[in-house]
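The values are calculated or read from the model by the stated rules, or taken from the named source; none is laboratory data. Quick caveat, the model's predicted, so the values are computed rather than measured. Here the Cβ positions follow ideal geometry from the backbone for every residue, glycine too, while neighbour counts run over all protein chains shown. For accessibility, only protein heavy atoms count, side chains too; no ligands or nucleic acids. Shrake-Rupley method; radii C 1.70, N 1.55, O 1.52, S 1.80 Å.
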Amino acid sequence: MQSALREIRSILTNRRALTLWLAVTAITIVVGPFNTVHTLSLPARLAYWTVVNGSCYLVAASSIVLVIRSPVLAGAPVVLRNAVGSVSIGIVNSAAIVAINTIVWPDVDGLPGFGHLAAITIPVAVGFGAAIAAADWSAPVDPVASPADPAATQADPVPAPEIAFLRRLPRHLGRDLVSVSVQDHYCEVVT
């Protein structure tokens, strides 16, 4: 669980993803979609869209870790993993937005329901999922080396350092890990 929380935190603090979230939030505050430009003042829109987009951002990061990178889907093609993750993001975000709308407008009839919101959020989530997969935002950004830099592409690859955990395994088991599971103070390693 700690590993998943660490990974979610790294996605939430990713500079490019955070910039995208801030841009989407700023646009929705200014434009005021779904008639919020007429029903909410600017400070209220700022609060509403920050909460809505913030919850969607948190759900998306969690879904990336818990669904898309899930061991259950590990053998599935990337397209299928992204599709399942995007649909789960759309469903959970729709439920979150319905809950937020119920809190913000408890007495208003005619608010978009779960089905209407799901019809909007699932395609948006699939679009963002495709953009993120295409951009591979999980890869670290190296400001020094770039593909246009001939020295970076022609240099010999740096050998990966040996992992201390692998040094503790008997050599005859090999170094290609399939899985590692831990229970109490026992560790089961499958190579």
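Worth a mention:
- Annotation: amide H-H contacts under 5 Å for THR191 (H modelled 1.01 Å from N, sequence separation of 5 or more, or interchain): VAL178.
- Euclidean distance between Cα centres, the stretch 164-179 to the stretch 55-75, Å: 28
- Computed accessible area, TYR186, all protein chains, 1.4 angstrom probe, square angstrom: 150
- Descending by average beta-carbon neighbour count within 10 Å, the peptides 33-41, 112-120 line up as 112-120, 33-41, the highest first.
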